[in-house]
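J.: Here it is, the structure, as structure tokens.
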Amino acid sequence: MSIDGNARVLRVAGRELREGDILTLDGSTGEVMAGEVPTLLPELVGDFGTLMGWADKVRRMKVRANAETPADAQVARDFGAEGIGLAAPSICSSTPRGLPRCAR
């Protein structure tokens, strides 16, 4: 691997990446991929979905989630969160409808 700071170029494994090129990082494995990789929204399916269903039937604690964007909040709600514990005002006020949208 070599980095040319003046030219803003990274050379690694026969590839050349320039400033502004898109990289995708796999947060589970640490793999770095050149370009944008399509992603899938997570689903509660299979054995994990079954386990979470059983847990929902006996739990006494309400589920809360932190979210930085309205989209994050929606994903949390779709997964069963009953409320959002943190919605950063700076993020909320930059949404089209501003803070009242996040306060809903």
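J.: Around VAL12, with a cut-off of 13 angstrom between Cβ atoms, what is the net charge of the other residues, counting Lys and Arg +1 and Asp and Glu -1?
T.: Around VAL12, the charge tally is 0.
J.: Now a separate question. Roughly what would the spin-label model give for LEU44 and ILE22, points 7 Å off Cα along C-beta, in nm?
T.: My value for the distance between the label points is 3.1 nm.
J.: In whole angstrom, and with the biggest value first, how far do the Cα coordinates of the stretch 1-84 range along each principal axis?
T.: Extents along the principal axes, in whole Å: 58, 28, 18.
J.: Could you work out how far apart the two model spin labels at ALA34 and ALA71 are, taking each label as a point 7 Å from the Cα in the direction of the beta carbon, and quote it in nm?
T.: Spacing of the two 7 Å Cα→Cβ label points: 2.6 nm.
J.: Which FRET efficiency value, to the nearest 0.05, is calculated for ASP78 and LEU51 with the Förster distance at 22 angstrom and r the Cβ-Cβ distance?
T.: Calculated transfer efficiency: 0.75.
J.: Mind listing the long-range amide H neighbours of ILE84? Cut-off is under 5 Å, sequence gap 5 or more, other chains count too, H placed in the peptide plane at 1.01 Å from N.
T.: ALA65
J.: With θ taken as phi - 60° and the coefficients 6.51, -1.76 and 1.60, list the Karplus ³J(HN,Hα) couplings across the stretch 43-56 in order, rounded to whole Hz; mark glycine and proline as x.
T.: Computed from phi, the couplings for the stretch 43-56 are 10, 8, 9, x, 4, 5, x, 4, 4, 5, x, 4, 4, 4 Hz.
Bear in mind these aren't lab numbers, they're just calculated from the coordinates by the rules spelled out. Just so it is clear, the model here is predicted, and its values are computed rather than measured. Don't worry about glycine lacking a Cβ; one is built from the backbone with ideal geometry, like all the others, and counts go over all protein chains shown.
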